[in-house]
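Peer 1: If you scroll down you'll find the structure; I have some questions about it.
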Amino acid sequence: MSWRASRRLLALYALVVCVALSVSQAFTASPALRLPLSLLFFFTVPGLVLTQLIHLGRDLRTHLALAIPLSLAISTLLSLLVTQVPAIGFGEVTSFFLAACAFGSVVVLGATSSARPRNVR
Amino acid sequence: MIRYLAGPALAITLWAVSLRGVNLADMGDLGLTARLPGTFYLSILLLTLSFVSVLQGARLRWWAVALHLAAAVLILHGTTALLYQVPRYSWVYKHIGATGYVLSHGFINAKYVPTDANLGWPGFFGLAALILRSAGLHSALHVALWAQLFFNGLYLIAVWFLLGGLTENPRTIALALWFFTSTNWVGQDYYAPQAFAFALYLFGMGLLLRYLVPSVLPRGSWRRRLSDAALPTVAARPQAQWALVFALLIFGAIVVSHQLTPYMMIAGYGACIAVARPKLLPLVGIMLVLAIAWTVFGAGTWMAHNMGQLATFGHPIENVESSLASLSPLPWPRRVVTLVPRVLSALVWGLGGLGAVLQWRRTRRATLAPILAAVPFVFLIAPYGGEMQFRVYLFALPWMAYLAAEAFVKLTRWLTPRLRGVTVTCLCLVLLSGYLVSDFSNESMNYMTPSDVSLAEYLYRNAPAGSFFLGTSFNYPTRLLPDYDQYQAFSLTWLPQFRYTSITAADLPWIIAFMRQNLDRGRAYFVFTDTASRQIYLQRVLRPGSVGALERAVEASDQFRLVYANSAGKVFELSSGAGP
């Protein structure tokens, strides 16, 4: 699989997780579906989107490994807003986070679109 | 392919079968080690043999290594999660309570921070609460059961990432990962901020080694080292700038999550950068400013109330001695299981030291490993609640595991493949045996049941705010509900006059007076649990028979009223009268 295709696949994965978590939060209260989706989202998606948006080499394994700590770090720092600012709640932080990551995934998908001309002079 | 799949598949099948019908009641001096059947140990033997065969193969297949390591993590760190219904270790429950506090209150009221360090460094609890709220859960109780399995899986990925910055030899990396997994016995991998921060620390150190220091270390004067000309390989990489940003991002999450880990990371970064890339020293300065800023402004109220702890700094030998269990009052099986972790630690450090000697005077990046392995030992000057040597072991472990693997690969190069295979198998089995005894032999007191949780929930749900709970020891699920900050919990074994002595009915009037003294408002409760009694028995903190005598005296006293009892223990309420 080419590097471009790998990036598209990762961005698609991030987008699917964002959408699936948003839908599950809206339509079901059962943790059976929401817990695995939440874990996938908070542990992988923010970092994956970030590493796809910047240039960090072409080693897929490194990207995947870095996605986890970056996701955890970004999520931790965002959750700090809830514990330190009385006006902000968990709901607002999660909604903002989901929207930001979905937007980032769409940007990566756009940037790696095969319809885009390459090396046009 | 079948050959590499068969070993882990058979090992996991045997392990799964071995867990059926394990009797967890009244585990004795040897804990779970004596209760697990032979098939459990057979599964470990089989997995080790299969791993060694993968390691000895003409071409190392990474998927096979990953499969064996994942199976090892599952067997070593998933056994208690599958056998138990609620998390092991009584001290994990205060973290479940802290998560519950953040989950129900969101914003942390600064007035509670002085009494609870967890709320001064709330990063981990905020993240956990964010995930639980997103998942629609109201407690971390059942999630925490799986934390050890999760964190050890995460450590594998992090240590792999980190080792990639030290060596390109895949066999050394695979062996180091196996050593790391099978010697991480200190039990700092449960549902806790330190387990989370340690994973981030490993990734942060990986970023440093992979992107921020050169593969060949600079030599010569400091002036030359400070010039970019000496570091063409790093300066030319655009990823290095992003790695800097990522390192600070990860460091920021550590700073708000845990007290000790930021300083471990600063020390590691400082040592590496001073040796390998002095031009980056301002980065260490920024990290130090961030850590101090949070300690002063974020957790300042807690620090202001706990400054007295600083007085115990600077006494490394006393700090180590104070937290090592005394062997003299123990019967011989307990002496053996208390000595095994010490021998295992010495073995890991010995092998690591050998690897460090072999790295000496080389100029490649791997030379940083001995420095990084030595850095945590500096922290022995701090007492850290009597736990510092365990943290030192943990933070030195990834580097020690690498150095041990490096030493092993180098020293056995001259052996025939068959002899090398036998040697590595024996070493792995010795380390694994040490791990199993170190981690599983205290399960008699670490094992918590749903009844223990129910008893503690009764206390926190029914006692009026401000109540005082006195336990025979602290080994029951205290502080597990969100409003834990409104109660005081205390252990009889914390009182020096009772340690290693007998308590009799004659001591009860003094204990009643002590309970009344410590009660501002609410009511006072005396808590007797089997888990507390088992800890007292295992560690011989009180003379045998003391707890039973005390319980009988409390039952007979007209000052106490039994308010709750289940299979885990009893709760007595102290009358509100003037007392004896």
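Peer 1: Partner chain Cβ atoms within 10 Å, averaged over the residues of A:53-60 - can you pull that number for me? Walk me through the intermediate numbers first.
Peer 2: Values: counts 0, 6, 4, 6, 6, 0, 2, 0.
What the average comes to for A:53-60 is 3.
Peer 1: Per residue of A:28-35, what is the mean number of Cβ atoms on other protein chains within 10 angstrom of that residue's Cβ?
Peer 2: On the way: counts 1, 1, 2, 8, 2, 2, 7, 8.
Shielding by partners across A:28-35 averages 4.
Peer 1: Moving on to the next point. Please give the contour-minus-distance gain from B:Arg552 to B:Thr501: 0.36 nm per residue of separation, less the Cα-Cα distance, rounded to one decimal in nm.
Peer 2: Using 0.36 nm per residue and subtracting the Cα-Cα distance, I get 16.6 nm.
Peer 1: First measure r as the distance between the Cβ atoms of B:Val563 and B:Trp62, then evaluate 1/(1 + (r/R0)^6) with R0 = 60 Å and state the FRET efficiency to the nearest 0.05.
Peer 2: 0.55
Peer 1: Placing +1 on the Cβ of each Lys and Arg and -1 on the Cβ of each Asp and Glu in chain B, which of B:Ala6, B:Ala366, B:Phe490 has its Cα farthest towards the positive end of the resulting dipole?
Peer 2: It is B:Ala366.
Peer 1: Assign unit charges at the C-beta atoms only (+1 for Lys and Arg, -1 for Asp and Glu), then state the dipole size of the protein assembly as shown relative to its Cα centre in Debye, rounded to the nearest 20.
Peer 2: Dipole magnitude for the protein assembly as shown comes out near 3020 debye.
Peer 1: From the square roots a ≥ b ≥ c of the eigenvalues of the alpha-carbon gyration tensor of region B:83-174, which class results: rounded (a/c under 1.5), prolate (a/b over b/c), or oblate?
Peer 2: Values: a/c = 2.53, a/b = 1.87, b/c = 1.35.
Cα axes put region B:83-174 in the prolate bin.
Peer 1: Something else now. Please report the spacing between the Cα centers of region A:60-84 and region B:507-526 in Å, no decimals.
Peer 2: 46
Peer 1: Also, quick follow-up: Normalized C-alpha radius of gyration of region B:515-580, against 2.2 N^0.38 Å?
Peer 2: 1.19
Peer 1: Roughly what angle does helix B:170-183 make with the longest principal axis of chain B, taking Cα atoms, 0 to 90 degrees, to the nearest 10?
Peer 2: 10
Peer 1: Between B:Pro262, B:Pro383, B:Tyr564, whose Cα lies farthest towards the positive end of the dipole of chain B when Lys and Arg beta carbons carry +1 and Asp and Glu beta carbons carry -1, centred on the Cα centre?
Peer 2: Of the options given, the answer is B:Pro262.
Peer 1: While we're here: What's the whole-number percent of alpha carbon pairs in region B:338-386 lying beyond 13 angstrom?
Peer 2: 66
Peer 1: What span do the alpha-carbon atoms of chain B cover on each of the three principal axes, reported in whole Å from largest to smallest?
Peer 2: So the extents along the principal axes, rounded to whole Å, are 80, 54, 48.
Peer 1: Is the shape of region B:325-439 rounded, prolate or oblate, going by the alpha carbon gyration tensor and its root eigenvalues a ≥ b ≥ c, with a/c under 1.5 for rounded and a/b larger than b/c for prolate?
Peer 2: Cα axes put region B:325-439 in the oblate bin.
Peer 1: Order B:61-73, B:185-197 from most to least packed using the mean count of other Cβ atoms within 10 Å.
Peer 2: Highest mean packing first, the order is B:185-197, B:61-73.
Peer 1: For the pair B:Thr39 and B:Trp494, what calculated FRET efficiency results from E = 1/(1 + (r/R0)^6), where r is the Cβ-Cβ distance and R0 = 35 Å, to the nearest 0.05? Could you put the intermediate results ahead of the total?
Peer 2: On the way: r = 42 Å, r/R0 = 1.19.
Result of the calculation: an efficiency of 0.25.
Peer 1: I would also like to ask the following. Across all directions of projection, what mean area in square nanometres is found for the Cα convex hull of region B:449-574?
Peer 2: Numbers: hull surface 27.9 nm².
The orientation-averaged projected area of the Cα hull of region B:449-574 comes to 7.0 nm².
Peer 1: By how many degrees, between 0 and 90 and to the nearest 10, does the Cα long axis of helix B:332-359 differ from the longest principal axis of chain B?
Peer 2: With both axes taken from Cα atoms, the answer is about 20 degrees.
Peer 1: Mind checking the angle between helix B:93-105 and chain B's longest principal axis? C-alpha axes, 0 to 90 degrees, to the nearest 10.
Peer 2: The answer is roughly 90 degrees.
Peer 1: Among DSSP beta bridges whose residues both lie in chain B, state the antiparallel percentage, nearest 5.
Peer 2: Expressed as a percentage, antiparallel bridges in chain B total about 60.
Peer 1: May I ask for the equivalent-ellipsoid semi-axes of region B:91-144, computed as the square root of five times each C-alpha gyration tensor eigenvalue and listed largest first in whole Å?
Peer 2: Each semi-axis is the square root of five times an eigenvalue, giving 18, 12, 8 Å.
Peer 1: Here is a further query. Which is farthest toward the positive dipole end of chain B among B:Leu283, B:Thr478, B:Leu411, measuring Cα position about the Cα centre, with Cβ charges +1 (Lys, Arg) and -1 (Asp, Glu)?
Peer 2: B:Leu411
Peer 1: Assuming a viscosity of 1.002 mPa s and a temperature of 20 °C, what translational diffusion coefficient in µm² per second does Stokes-Einstein assign to region B:376-495, Rh being the Kirkwood radius over Cα pairs?
Peer 2: On the way: Rh = 19.0 Å.
D, rounded to a whole number, is 113 µm²/s.
Peer 1: Suppose every Lys and Arg Cβ carries +1 and every Asp and Glu Cβ carries -1, with no other charges. What dipole size does chain B come out with about its Cα centre, to the nearest 20 debye?
Peer 2: Roughly 2260 debye for chain B.
Peer 1: While we're on this one: For the protein assembly as shown, what proportion of DSSP beta bridges, expressed in % and rounded to the nearest 5, is antiparallel?
Peer 2: On the way: 12 of 20 bridges.
Just about 60 percent of them are antiparallel.
Peer 1: Show me the three semi-axes of the equivalent ellipsoid for the protein assembly as shown, from the C-alpha gyration tensor (sqrt of 5 times each eigenvalue), largest first, rounded to whole Å.
Peer 2: 43, 31, 26
Peer 1: What is the mean number of Cβ atoms from other protein chains located within 10 Å of the Cβ atom of each residue in peptide B:119-131, rounded to a whole number?
Peer 2: 6
Peer 1: Enumerate the residues in region B:124-147 having an amide nitrogen under 16 Å from the point lying 7 Å beyond the Cα of A:Thr28 toward its Cβ.
Peer 2: Within reach of a label on A:Thr28, which here means backbone N under 16 Å from a point 7 Å along Cα→Cβ, region B:124-147 contributes B:134-137.
Peer 1: Return the whole-Å distance between the Cα centroid of region B:356-393 and the Cα centroid of region B:68-131.
Peer 2: With region B:356-393 and region B:68-131 each reduced to a Cα centre, they are spaced 28 Å.
Peer 1: Rounding to the nearest 20 debye, state how big the charge dipole of chain A is about its Cα centre with +1 on each Lys and Arg Cβ and -1 on each Asp and Glu Cβ.
Peer 2: Approximately 660 debye in magnitude.
All of the numbers you see were taken from the coordinates with simple rules; none came from a lab. Bear in mind the structure is a predicted one, so any value in this text is a computation, not a measurement. Please note: Cβ atoms are built from the backbone with ideal geometry, for glycine as well, and neighbour counts cover all protein chains shown.
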